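Reading through the structure tokens given below for one structure.
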Amino acid sequence: MTPEPRPAIDMLIHPQFDPIALEIGPLAVRWYGLMYVLAFAGFYLLGKHRATRRPETGWTAKELDDLLFWGVIGVVAGGRLGQVLFYEPGYYLEHPAEILAVWKGGMSFHGGLLGVLVALAWHARRYRRCFLEVGDFVAPLVPLGLMFGRLGNFINGELWGRQADPGLPWAMVFPQVDDLPRHPSQLYQAGLEGLLLFVLLWLYTTRPRPVGAASGAFLAGYGAFRFLAEYFRNPDEGIFGFAWEFSMGQWLSLPMVLVGLAMLHLAHARQGGR
């Protein structure tokens, strides 16, 4: 049964932020872009801290700089292409000029992940490192950046949640959508895929783990949290439609969970067999 909405005056209302955070002459700094800057800055600072605390990994400041450079390219290019190919191919086929308009939002995490994997492979080859060792170093540095990205989604008022029970204290109306109470699913995802996953991975990697274990933990953890959060987020139809009541985000997250669990098992099995 569909819950009856309460009068909007009794519910939380999305603040309808101005997408521009700061204007300096002709230059406009958007909140969404600022969140990406914070994400990359957090990645660098956490990486520098981890390299200092774990000198046996052999990571240098120059190597971290190179990794961040290629990682940024992988995130932006992969994230945008993922949005175009996985979620809105029809729209961008009709509006090809908007493919490059990343400042308007519209970035796919799963596409960004594929872009980052390419960047990690390039980095591993260049520095003659094992690909999984690079992935293990990167894994605990990523979730805080994901948190900033979801906060950017909330500020933009995009990727809103499904209709919520009117009695839910934090149910929120997104006026640009309708006057119904909805889950602020962007904040759920910021808390689950971002903050909680960061805490779990950071604690897990405070001492040495088998090669591939941290990478597997990230994939399984993100995939599971994203799959759960999708039940509160207004689903994107994507290229698979709503097959079997799963959203596109859930379809893309399932392989992450399976691959991540397999990687964890193999990593610890290899260590136990030595």
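Taken over the range 148-170, the residue count meeting the criterion of being crowded, with 20+ Cβ neighbours inside 10 Å and over 22 Å from Arg226 (Cβ atoms) is 0.
One residue stands out among those in the range 42-87 that are of a type in the set (A, V, I, L, M) and buried (at least 21 other Cβ atoms within 10 Å of the Cβ): the one that is modelled with the highest pLDDT, which is Leu67. Might you let me know whether the range 1-13 holds any residue that is touching a strand residue (DSSP E or B) at 6+ places or on another chain (Cβ under 8 Å) and either among the basic types (Lys, Arg) or surrounded by 19 or more Cβ atoms within 10 Å (Cβ to Cβ) (or both)? Yes, that holds for at least one residue. For the range 45-104, residues that are in a helix (DSSP H, G or I), among the charged types (D, E, K, R), out of contact with any His (no Cβ under 9 Å at 6 or more places or on another chain) and under 30 Å from Cys130 (Cβ atoms) total 7. All of (1) more than 18 Å from the chain's Cα centre (by Cα); (2) farther than 22 Å from Val259 by Cα hold for Ala121 with one exception: (2). Taking (1) in contact with a strand residue (DSSP E or B) (Cβ under 9 Å, 6 or more places away or on another chain); (2) free of Cβ contacts under 8 Å to residues at least 40 places away in the same chain in turn, Pro19 satisfies each apart from (2). Taken over the range 88-143, residues that are buried (at least 23 other Cβ atoms within 10 Å of the Cβ) and of a type in the set (D, E, K, R) amount to 1. When the range 21-41 is filtered for residues that are more than 14 Å from the chain's Cα centre (by Cα) and surrounded by 15 or more Cβ atoms within 10 Å (Cβ to Cβ), the ones remaining, listed by number, are Ala21, Arg30, Trp31, Gly33, Leu34. The numbered conditions (1) in contact with a Lys or Arg (Cβ under 9 Å, 6 or more places away or on another chain); (2) assigned to a helix (DSSP H, G or I); (3) more than 18 Å from Ala39 (Cβ to Cβ) are all true for Gly167 except (2). The numbered conditions (1) free of Cβ contacts under 8 Å to residues at least 24 places away in the same chain; (2) within 30 Å of Leu64 (Cα to Cα); (3) over 20 Å from the mean Cα position of the chain (by Cα) are all true for Pro169 except (2). Being touching a residue at least 12 places away in the same chain (Cβ under 8 Å), assigned to a helix (DSSP H, G or I) and within 18 Å of Val37 (Cβ to Cβ) holds for only one residue in Phe137, Phe148, and it is Phe148.
The values are calculated or read from the model by the stated rules, or taken from the named source; none is laboratory data. On a predicted model such as this, the values are computed, not experimentally measured, just so you know. Reconstructed Cβ throughout: ideal geometry from the backbone, glycine too, with neighbour counts over all protein chains shown.
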